[in-house]
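For reference, the structure discussed in these notes is given below.
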Amino acid sequence: MKINSQIKSLGQQAGYTLIELAIAISIISVLVVSALFGVQKIIDNNNVNATSQQVSLATTNIAKFAAMLSDKTFIKDTNVAANLGIWPDNILTKGGTGQVTNVANPFGGNFYTASNSAAVGAVAPANGYYIYITNVPDKVCAAVAGMFGASTWEIRVADEAAAVAMPAAAVSIAAGTAVKVAGTDRINLANLNSACGSVAARKTVYLFYPL
């Protein structure tokens, strides 16, 4: 009887140990998943902030070179503008001759520049430029577009069904939705929600600046 009682007691202890182990594993799983979501959120925020800094640097340098060269034509070619040094060097891909062949953005897409071939509100043709930000995930679309609301003349957001090609000449952008209408002083929240809330997982954000 005593032996049977001891065996039963050991069985109960083992059972409790297994239950406790299962609970511990469940808790660890929840913590790991939560940590992964937290890490992804940090990565997303870092990418948004990096985009803001890189575009801010580019716009400052574009204005500087336009004044220094007394010439705005360089902006119509992404790689020519990049060769002048408007972007941070660590986001550039260069060919064998040292010439820039690609300007990468933090979302795995590209930055492109192009001058305007048609008036954008009151800004005449060839008196401004677009910066394209391609491959923007829908979950950060509003953050990316929204953070440029105070500094741009116009912002458009378009669904991205396929890779966006580098513009080869001056452009007139009518794609997508104007989330900041040309010349207005703020983002249109309804348009921003509509453009960034569409079913497309990736977006292109078009920023327009007078020059």
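Looking only at residues of the range 167-196 that are touching a residue at least 60 places away in the same chain (Cβ under 8 Å) and either touching a His at 6+ places or on another chain (Cβ under 8 Å) or not hydrophobic (A, V, I, L, M, F, W, C) (or both), we find that the one that is surrounded by the fewest Cβ atoms within 10 Å (Cβ to Cβ) is Gly183.
Do we find that Val55 is out of contact with any Pro (no Cβ under 8 Å at 6 or more places or on another chain), of a type in the set (A, V, I, L, M, F, W, C), under 21 Å from Ala143 (Cα atoms) and not in a loop (DSSP other than H, G, I, E, B) in this structure? Spelling it out, Val55 is indeed out of contact with any Pro (no Cβ under 8 Å at 6 or more places or on another chain), of a type in the set (A, V, I, L, M, F, W, C), under 21 Å from Ala143 (Cα atoms) and not in a loop (DSSP other than H, G, I, E, B). Going residue by residue through the range 154-166, is there one that turns out to be surrounded by fewer than 20 Cβ atoms within 10 Å (Cβ to Cβ) and free of Cβ contacts under 8 Å to residues at least 12 places away in the same chain? Scanning the range 154-166, I find at least one residue that is surrounded by fewer than 20 Cβ atoms within 10 Å (Cβ to Cβ) and free of Cβ contacts under 8 Å to residues at least 12 places away in the same chain, so the answer is yes.
Flag: Ala82 matches the condition of being of a type in the set (Gly, Ala, Ser), modelled with pLDDT of 75 or more and in contact with a Leu (Cβ under 8 Å, 6 or more places away or on another chain). Tell me, yes or no, whether the range 98-116 has at least one residue that is more than 15 Å from Thr59 (Cα to Cα), at pLDDT below 95 and β-branched (Val, Ile, Thr). Looking through the range 98-116, at least one residue is more than 15 Å from Thr59 (Cα to Cα), at pLDDT below 95 and β-branched (Val, Ile, Thr). Go through (1) β-branched (Val, Ile, Thr); (2) farther than 19 Å from Pro167 by Cβ; (3) not in a helix (DSSP H, G or I) and name the single condition Val48 misses. For Val48, the exception is condition (3). Residue-level check: of (1) out of contact with any strand residue (DSSP E or B) (no Cβ under 6 Å at 6 or more places or on another chain); (2) under 18 Å from Asp138 (Cα atoms); (3) at pLDDT 95 or above, Ala178 misses just (1). Pairs linking a residue in the range 51-79 that is surrounded by 13 or more Cβ atoms within 10 Å (Cβ to Cβ) to a residue that is of a type in the set (Asp, Glu), with Cβ atoms under 9 Å and 6 or more positions apart or on different chains, are Phe65/Asp71. Among the residues of the range 58-70, not one is within 12 Å of Gly128 (Cα to Cα) and outside any helix (DSSP H, G or I). Taken together, Ala142, Ala119, Ala124 contain a single residue that is within 27 Å of Val181 (Cα to Cα) and touching a residue at least 40 places away in the same chain (Cβ under 8 Å), which is Ala142.
Against the condition of a type in the set (Gly, Ala, Ser), surrounded by 16 or more Cβ atoms within 10 Å (Cβ to Cβ) and farther than 15 Å from Pro137 by Cα, how does Ala114 come out, does it pass? Yes, satisfied.
Would the range 129-150 turn up any residue that is modelled with pLDDT of 95 or more and more than 19 Å from Thr51 (Cα to Cα)? Within the range 129-150, not a single residue is modelled with pLDDT of 95 or more and more than 19 Å from Thr51 (Cα to Cα).
The values are calculated or read from the model by the stated rules, or taken from the named source; none is laboratory data. Small disclaimer: the values here were computed from a predicted structure and weren't measured. Because the Cβ atoms are built from the backbone with ideal geometry, glycine has one as well, and the counts that use them run over all protein chains shown.
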